Amino acid sequence: MLRQGASDRQIYDYMTQRYGDFVLYRPPLKRTTWLLWFGPGVLLVGGVVTLILVLRKRSHLSDGPVRAG
C-alpha cells in the first residue's frame, strides 16, 4: 500500500476496518477490547490465587503425623 502511495492514516484505517482493533499496538478501550486490556491481569491474579490455594493445601497435608515406615 505504501508503494501505491497510500498515507499512514489510510493504511491504519484499512487495517482496522479489515481486521478490527486487535491489530493495533494500543487498541482503544471499548467493550470489544476488554479482553485485550484486562485479560492478562485476570490471568495473573487467577494464577496467584491458584498458587496460594495449592501451597495452603500442601502445607495442611504436611502438618499431619509422620509415620515411621
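Read-outs throughout are calculated quantities, based only on the coordinates presented, and are distinct from any laboratory measurement. If you're wondering where the values come from, they're calculated on a predicted model, not measured in any experiment. When we count neighbours, we look across all protein chains shown, and the Cβ atoms used for this are built from the backbone with ideal geometry, even at glycine.
Observations on the structure shown:
- Under a Gaussian network description of the chain, with springs only between Cα atoms under 10 Å, the residue in 55, 43, 24 that fluctuates furthest is 55.
- Applying a DSSP loop filter and a limit of 11 other Cβ atoms within 10 Å to the chymotrypsin sites (Phe, Trp or Tyr not before Pro) in region 1-38 leaves 25.
- Under 12 Å, Cβ to Cβ, from residue 15 - net charge with Lys/Arg +1 and Asp/Glu -1: -1
- Solvent-free Debye scattering, log10 I(q)/I(0), computed from the Cα coordinates of the chain at q = 0.15, 0.24 Å⁻¹: -0.70, -1.02
- Here is the list for region 1-31: trypsin sites (Lys or Arg not before Pro) lying in DSSP coil, each with at most 14 other C-beta atoms within 10 angstrom of its C-beta, are 3, 30.
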